[in-house]
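Report on the structure given below.
The values are calculated or read from the model by the stated rules, or taken from the named source; none is laboratory data. Since the model is a prediction, treat every value here as computed from it, not as a measurement. In this analysis, Cβ positions are derived from the backbone assuming ideal geometry, glycine residues included, and neighbour counts consider all displayed protein chains.
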Amino acid sequence: MNTSSFEKLASFCKSLRDSELRTVALLGCPMKIRKSRHFFQLEVTIRGHVDTEMPPDSRISCKMVFMCPKFYPRSLPEVHIRSKKNFPDYLEDVIFSEYDRMTHLDRGSQYIIPMVSSALYMIEREEQKRSEHAIGENETRNL
């Protein structure tokens with residue numbers, strides 16, 4: 001690959017990454033970015049935005065860490081889930097199954113946005129189920 005092609009590819013990958021980071025910010029997910037010459041690491045805090053009656057200490061959250069190679073999204077990122085709070089074990093399996101499915105469908109496209117939005121949706125859905133279950137139990141006790 002000649003120098004101009006390499007620079008065009010690097011510029012294209014950077015613009016896709018920047019676009020993806022702006023979208024993650026619009027989703028309302030706090031994030032930290034670490035960059036080096038060969039990769040960048042993105043840590044996204046995911047917690048539901050659903051307005052439930054659940055106390056804050058019982059809310060579900062996690063941090064998704066994306067280790068992205070220099071030419072992301074052409075190269076796949078490594079994804080880890082850390083700092084889980086009230087996070088059901090099965091949810092991690094579901095999130096990684098979604099990642100596997102996505103990497104086989106859309107090779108070379110953006111991966112962070114679909115992963116963050118899927119995880120956010122799954123967490124909000126789980127919180128909603130828990131909230132409805134808690135309301136149902138309270139109504140039963142009051143009878």
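Out of curiosity, is Lys32 of a type in the set (Lys, Arg) and over 30 Å from His133 (Cα atoms)? Here the answer is yes, as Lys32 does meet what is asked.
Within segment 81-121, the set of residues being under 17 Å from Arg34 (Cβ atoms) and exposed (fewer than 14 other Cβ atoms within 10 Å of the Cβ) comprises Arg82, Ser83. Looking only at residues of segment 75-95 that are of a type in the set (A, V, I, L, M, F, W, C) and either in contact with a Gly (Cβ under 6 Å, 6 or more places away or on another chain) or assigned to a helix (DSSP H, G or I) (or both), we find that the one that is farthest from Tyr111 (Cα to Cα) is Leu91.
For segment 28-39, give me the residue count where each residue is modelled with pLDDT of 85 or more and either among the aliphatic types (A, V, I, L, M) or loosely packed, with under 12 Cβ neighbours inside 10 Å (or both). Walk me through it before giving the result.
Of all residues in segment 28-39, those modelled with pLDDT of 85 or more come to 28-34.
Narrowing the set further to residues that are either among the aliphatic types (A, V, I, L, M) or loosely packed, with under 12 Cβ neighbours inside 10 Å (or both) leaves 28, 31-34.
Residues in segment 28-39 being modelled with pLDDT of 85 or more and either among the aliphatic types (A, V, I, L, M) or loosely packed, with under 12 Cβ neighbours inside 10 Å (or both): 5 in total.
Of the listed requirements (1) surrounded by 15 or more Cβ atoms within 10 Å (Cβ to Cβ); (2) modelled with pLDDT under 80; (3) more than 30 Å from Lys129 (Cβ to Cβ), Glu7 misses just one: (1). Do you know which of the residues in segment 87-135 that are β-branched (Val, Ile, Thr) and over 18 Å from Cys62 (Cα atoms) is modelled with the lowest pLDDT? Looking at residues that are β-branched (Val, Ile, Thr) and over 18 Å from Cys62 (Cα atoms), I get Ile135. Quickly run through segment 96-115 and pick out the residues that are assigned to a helix (DSSP H, G or I), out of contact with any Phe, Trp or Tyr (no Cβ under 9 Å at 6 or more places or on another chain) and not charged (D, E, K, R). Within segment 96-115, Phe96, Ser97, His104, Leu105, Ile113 qualify.
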